[in-house]
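We did not get these values from a lab; they are worked out from the coordinates using the rules stated. The structure presented is a predicted model; accordingly, all values stated were derived computationally and were not measured. Please note: Cβ atoms are built from the backbone with ideal geometry, for glycine as well, and neighbour counts cover all protein chains shown.
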Amino acid sequence: MSEVQRKKYSDKEKNDIFDNEFMPHIDSMYNFAYRLTFDEDDAKDLVQDTYLKAFRFINSFEQGTNAKAWLFRILKNSFINEYRKKSKQPPKVDYQEVETYYNSENVDYTITSDLRVDSVKDMLGDEISNALNSLAVDFRTVIILCDLEGFTYEEMAKILDIPIGTVRSRLHRARNLLKEKLRSYAQNMGYDTDEEI
Amino acid sequence: MEENNLETSGERKLNCGEMGKCFQLLESILDGEAMDEGKAVLDEKLAKCQPCFERYHLEQAIKEVLKTKCTKKAVPTELIMNIRSKIEEFK
């Protein structure tokens, strides 16, 4: 978050921005926080911290610009700096390897999937949610931002502090992983996949 | 996979010579990121190339179910009240 103070809002202007530009996004913010933390109390704390920071730094927000992306960026940074740290799960992976993998823009677009469109359409909300939730947080995040929240690649690049090329490649990897999860669900639930024919 | 496509492929070719490039473009188009020229290419790909046709519709279906079916949690009412009272304290 840029903390350069661009504005000096009056108290009334601050309240207007907070009520009319920040609060309407609380539903998306809470769902994003829950999908990051999987815990209702942590999600509540994360959203509350985000809104308090947003108010504290409101002078660095330009009224009428993209409040949702600005808020999501604060929430994502709070999650990384505060909540991820206290996660009970110890790191099980080689971060250098993961970093290289996540950020590499050299991605194979030719991987195909035998998942069927009809199987996807027949799936229940919980199955879709569980598949999404089973992805590593960085992959889960790009799918949430793009497909659930409708952010553009440029907005995602700003929210995540990564280049647009990395957004694109990470999203593609995330979608391949999600297709694999959905394919497993489809097979377990007895839906058709080409492989069974 | 190709065998399964024989009956439904119509006049579409069953192999895509530039699959990597096409799939990347299809994803960009679905995400609303492609330039106008990309959209013109899309119509041709969907009409003439079976792997591109299948990929586009699969990605579209997944994007749609993510958007419409993912379970959403209602915002706890006390959260909004807590935020407002903390803001008042801050003021």
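What the table shows:
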| read-out | value |
| --- | --- |
| Inter-probe distance in nm under a simple model that places probes 7 Å from Cα toward Cβ, at B:Lys48 and A:Asp126 | 4.7 nm |
| Taking the convex hull of Cα positions in the range B:2-90, its mean projected area over all directions (nm²) | 9.7 nm² |
| 5 angstrom amide H check on B:Cys49, placed H, neighbours 5+ away | B:Lys13 |
| Per-residue Cβ neighbour rank within 10 angstrom, fewest leading, B:His57, A:His25 | B:His57, A:His25 |
| Fewest-first sequence of A:Ile58, A:Ile80 by Cβ atoms within 10 Å of each Cβ | A:Ile80, A:Ile58 |
| 20 Å reach of a label modelled at A:Gln187, 7 Å along Cα-to-Cβ, counting backbone N of the range A:128-153 | A:128-136 |
| Label-to-label distance, nm, for residues given as A:Asn15 and A:Asn81 (7 Å Cα→Cβ offset) | 2.9 nm |
| For A:Leu46, B:Leu79, order by how many other beta-carbon atoms lie within 10 Å, fewest first | B:Leu79, A:Leu46 |
| Kirkwood Rh in Å, taken over all unlike Cα pairs in the range A:11-83 | 12.2 Å |
| P(r) tail fraction, the range B:40-91 - alpha-carbon pairs more than 19 Å apart, % | 60 percent |
